[in-house]
């Protein structure tokens, strides 16, 4: 039976992202609850958690509730924040191998849907995508990335689409994101599309922007030249004490994805 809010279309607004490199206590408990709802038993969950954390199962705990369940929750409450997300991915993997059904929905699909809904409502900057956790930005950021990758793939620019994907993966690394790597991959996608559109497959992005002034509307071309300079300094020629932060990398990825999509659509027309 569906919930009242689901039947009538009521839902809370997505919260502003305030949690990224942490796993709040509430999340640790909700993870266990969702695993059970999705079809796993306390014994199955204990086996999974102990395997991920390299812990020995307590042989004196036999009864599912409260003993084994308590052991599972103790380990979740005690582990490092990034290990919680490792357990999230392992739970999805275990559910995807199972034939168990939960609420007429395959367990893994239900688990992913409900966990992502929880992340959005609690302002947690992650999302589970086909079993892997990726960084989650604002709704506008997410839409730009989705649209850019879709446009690139449909136009046959798989290499550029892969670079966008790699940029997101670098931002998603745990426990520390690869900031410089994400900037490099994002600008590589932009450069790849620019080379393909102009037919110059050897020039750098900076050179292309200088030689093809009509590639993007002025004065945006100057802004993109500065973005290229920023990426070259922060992503390739890093100086001591001047490492970019997460928000700067996220902005660079967003701009590179948006402009790559723009160039692809412009080339089609």
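Helices (runs of 4 or more DSSP H) fully within the range 1-68 that include at least 3 residues being within 24 Å of the chain's Cα centre (by Cα): 25-37, 42-53.
For (1) surrounded by fewer than 22 Cβ atoms within 10 Å (Cβ to Cβ); (2) within 24 Å of residue 6 (Cβ to Cβ); (3) assigned by TED's automatic domain parsing to the domain that holds residue 49; (4) touching a strand residue (DSSP E or B) at 6+ places or on another chain (Cβ under 8 Å), each residue gets a yes or a no:
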position	(1), (2), (3), (4)
88	no, yes, yes, yes
114	yes, yes, yes, no
143	yes, yes, no, no
152	no, no, no, no
170	yes, no, no, no
176	yes, no, no, no
181	yes, no, no, no
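Filtering the range 143-164 to residues that are more than 18 Å from residue 182 (Cβ to Cβ) and part of a helix (DSSP H, G or I) leaves 143, 147, 150, 151, 153, 154, 158. Beta carbons closer than 8 Å, at least 6 apart along the sequence or on distinct chains, pair a first residue in the range 39-63 that is in contact (Cβ under 8 Å) with a residue 12 or more places away in the chain with a second that is buried (at least 18 other Cβ atoms within 10 Å of the Cβ) and part of a loop (DSSP other than H, G, I, E, B) for 48/40; 53/79. Inspect the range 122-140 for any residue being in a helix (DSSP H, G or I), closer than 19 Å to residue 227 by Cβ and in contact with a helix residue (DSSP H, G or I) (Cβ under 6 Å, 6 or more places away or on another chain) and give the result as yes or no. Within the range 122-140, none of the residues are in a helix (DSSP H, G or I), closer than 19 Å to residue 227 by Cβ and in contact with a helix residue (DSSP H, G or I) (Cβ under 6 Å, 6 or more places away or on another chain). Among the criteria (1) at pLDDT below 85; (2) in contact with a strand residue (DSSP E or B) (Cβ under 9 Å, 6 or more places away or on another chain), the one residue 229 does not fulfil is (2).
Taking the listed residues 16, 25, the one that is exposed (fewer than 11 other Cβ atoms within 10 Å of the Cβ), out of contact with any strand residue (DSSP E or B) (no Cβ under 6 Å at 6 or more places or on another chain) and under 15 Å from residue 70 (Cα atoms) is 25, with no other qualifying.
The values are calculated or read from the model by the stated rules, or taken from the named source; none is laboratory data. In this text the structure is predicted, and so the values were computed from the model without any measurement. Note that each Cβ is placed from the backbone with ideal geometry, even for glycine, and that neighbours are counted across all protein chains shown.
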